[in-house]
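The values are calculated or read from the model by the stated rules, or taken from the named source; none is laboratory data. No experiment lies behind these values; they were computed from the predicted model shown. Ideal geometry is used to build each Cβ from the backbone, glycine not excepted, and the neighbour counts take in all protein chains shown. All accessible areas refer to the heavy atoms of the entire protein, side chains included, with ligands and DNA or RNA removed. Shrake-Rupley method; radii C 1.70, N 1.55, O 1.52, S 1.80 Å.
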Amino acid sequence: MTLRTLNSLGDLRGKKVLVRCDLNVPLDGAHITDDGRIRASLPTISRLRDAGARVIIISHLGRPEGTPEDRFSLAPAATRLGELLGESVVLAADTVGESARAATACMGDGDVVMLENVRFNAGETAKGQAEREVFAAELAALGDAFVSDGFGVVHRKQASVYELARDLPSAAGLLIEKELSVLERLTSSPDRPYTVVLGGSKVSDKLGVISHLLPRVDTILIGGGMLYTFLAAQGYSVGSSLLEVDQIETCRSYLAEAKELGVAIVLPEDIVVASRFSADADFVVVPADRIEETPFGHTGIGLDIGPAAAETFTAHIAASKTVFWNGPAGVFEMPAFANGTLRIATALANMSGFSVVGGGDSAAAVRTLGFADSDFGHIATGGGASLEFLEGKKLPGLEALGWQ
Ligand code: ADP
Ligand code: MG
């Protein structure tokens, strides 16, 4: 079966359509530092409004633990969505309670109501399916149809992603359709050379993708937090850098497998080592096998790839026809350690082939560094979901929409 799309829902005029978006935007207090995910949700919302639907938006923000917390309120997202739509968006004070029922009871065609953070309810992320089903049924009672458009969460078996899709007539929104077409282009027949750039901080999450990618790519460039586990696998000391000791053996086997397959795993030749994890820390650049040979000794932390590595990565990217990049090369939030990420983003923006940036922080990084969405072939809204797709895993949120 293939993905059910919006047309499969038929005439939506006057219908209440629940839409699962991923409006999990980065916040600095109440200020949204990157509204990319809200803008990415607009095509589906607009399409539904144009069709006369009454749009009820479901989203999470951050990781509240099943109870309401002010700092995780969707209020900033509701305000921003209202600005982008040119129409105010009502935010219910709860997700399925009295406020949500009242706000959704009196909607006119084309109106937009947002429910408060879906993760304020323990049922959303409950381990037990029964508990999720109970909560999904409460959500389903608010609408007539369900559109799943939160690409960033389709790899999660959560009530508003999975169970809800089975409770109501459901279909994928335009964002999910678009993200999938890009990922299929990456997995079916990418133009070669095909290079994957990996970084970020979720080391063990991301190591898994390497074994699946190895037979399918020409080059893997490794930066970010995971590079130190690879350096340790080569026998180097990494000071106080991010390290997953129990993954060292796995990294060693990837290096061996890559050699056998003729795939290049490129590790940075130099590293920016800081005295501590802080924006104003002292730092020096050293060869990757000398991380502990700085004035900071074994307390030094690798926070970015060095300039020589940035040059090498740039050359690999420039020679590629397809590049997928997930995960910043360093702690880009601190200007002193943003250079590697900036250089990689620049190389992707300058290449002539197909470039894809995936991941919440990676997308935020390129935008805060001043790049436009149009500088890249595509900016994916979900890093975890993209990686799991590339790993060949079945994504529950897509399976619930008929995808196989
Ligand atoms: P994405 O959201 O794009 O998938 P991740 O969430 O995995 O990326 O990682 C992003 C985070 O990784 C950033 O906040 C960045 O500061 C951090 N990071 C990158 N390099 C390092 C490093 N060497 N040490 C610690 N954190 C790092
Ligand atoms: Mg992230």
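Please identify the pairs in which a residue from segment 4-21 that is in a loop (DSSP other than H, G, I, E, B) has its Cβ atom under 6 Å from the Cβ atom of a residue that is among the polar types (S, T, N, Q), counting only partners at least 6 apart or on another chain. Every condition considered, the pairs that remain are CYS21/SER41; CYS21/SER59. In the set (1) of a type in the set (A, V, I, L, M, F, W, C); (2) out of contact with any strand residue (DSSP E or B) (no Cβ under 9 Å at 6 or more places or on another chain); (3) outside any loop (DSSP other than H, G, I, E, B); (4) surrounded by 15 or more Cβ atoms within 10 Å (Cβ to Cβ), the condition left unmet by ALA256 is number (4). When you scan segment 68-82, do you find a residue that is open to solvent by 10 Å² or more (accessible area, probe 1.4 Å) and of a type in the set (Val, Ile, Thr), even just one? Yes - at least one qualifying residue is present in segment 68-82. Residue pairs whose Cβ atoms lie under 7 Å apart, separated by 6 or more positions or on different chains, with the first residue in segment 38-64 and of a type in the set (S, T, N, Q) and the second not in a loop (DSSP other than H, G, I, E, B), are SER41/LEU175; THR44/VAL19; THR44/VAL147; THR44/LEU174; THR44/LEU175; SER59/ALA77; SER59/VAL118. Reported count of residues in segment 348-396, each being open to solvent by 40 Å² or more (accessible area, probe 1.4 Å), within 20 Å of LEU221 (Cβ to Cβ) and within 14 Å of ligand 2 (Cβ to nearest atom), is 1.
If you go through segment 21-63 and keep only what is open to solvent by 60 Å² or more (accessible area, probe 1.4 Å) and within 14 Å of PHE151 (Cα to Cα), you end up with ARG39, PRO43.
Restricted to segment 179-200, and to residues there that are open to solvent by 80 Å² or more (accessible area, probe 1.4 Å) and either more than 30 Å from THR5 (Cα to Cα) or assigned to a helix (DSSP H, G or I) (or both), the residue that is modelled with the highest pLDDT is ARG192.
Residues that are touching a Leu at 6+ places or on another chain (Cβ under 9 Å), open to solvent by 30 Å² or more (accessible area, probe 1.4 Å) and more than 9 Å from ligand 1 (Cβ to nearest atom) within segment 201-223 comprise HIS212, PRO215, ARG216, listed in sequence order.
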